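*Asks:* This is the structure I have questions about; it appears just below.
The values are calculated or read from the model by the stated rules, or taken from the named source; none is laboratory data. Please read these numbers as outputs of a predicted model, since none were measured by experiment. Here the Cβ positions follow ideal geometry from the backbone for every residue, glycine too, while neighbour counts run over all protein chains shown. All accessible areas refer to the heavy atoms of the entire protein, side chains included, with ligands and DNA or RNA removed. Shrake-Rupley method; radii C 1.70, N 1.55, O 1.52, S 1.80 Å.
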Amino acid sequence: KPEMAVRRLVHSMGYRYRLHKKDMPGTPDLVFPSKKKVIFVHGCFWHGHSCKRGNRVPKRNREYWLAKIEKNKTRDIASTKQLNRTGWKQLIVWECEIKQNTVDELARRIRMFLG
């Protein structure tokens, strides 16, 4: 749902993009090849965000989920470094931002990023 909300917003703003380019580090959610920019839409829980939803610890299979989230965070850092080395800029949109911010705030942030 969060990714679809961002995709609809970006499309309504007139931007066109490619989806989930598997040949790029981190498989970005939205890719803007001509601008050399990507947008990741991260779920707060899955990527260990510092918000309320991202900070919660599962009651069952605790060790498994903590290890999985830590692995995701490590992969995100590595992907960011690889993208930076090759000249790609990235924007991370967190799930909680989509829920808390107004559409106008998110659109302004995306517009500033994409130029």
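*Asks:* Only Lys, Arg, Asp and Glu count, each charged at its Cβ (+1, +1, -1, -1), so figure out the dipole size of segment 1-66 about its Cα centre, rounded to 20 debye. Intermediate values should be presented prior to the final figure.
*Replies:* On the way: 16 positive and 4 negative charges, 32 e Å.
Dipole of segment 1-66, to the nearest 20 debye: 160 debye.
*Asks:* Let me ask something additional. How do I110, I98 rank by accessible surface area computed with a 1.4 Å probe, from largest to smallest? Kindly include the intermediate steps, with their values, before the conclusion.
*Replies:* Numbers: I110 0, I98 35 Å².
I get I98, I110, largest accessible area first.
*Asks:* Among Y15, H47, Q100, whose Cα projects farthest towards the positive end of the dipole of the chain, with charges put on the beta-carbon of Lys, Arg (+1) and Asp, Glu (-1)?
*Replies:* Projecting each Cα onto the dipole axis, the largest value belongs to H47.
*Asks:* Build a GNM of the chain with springs between Cα atoms under 10 Å: which of W65, W46, W88 gets the top mean-square fluctuation?
*Replies:* Of W65, W46, W88, the Gaussian network model singles out W65 as fluctuating most.
*Asks:* Now for a separate question. Please report the antiparallel percentage of DSSP beta bridges with both residues in the chain, rounded to the nearest 5.
*Replies:* 45
*Asks:* Can you send over the carbon and sulfur percentage of the accessible area for the chain, probe radius 1.4 Å, protein chains only?
*Replies:* On the way: 3900 of 7590 Å².
The computed percentage sits at 51.
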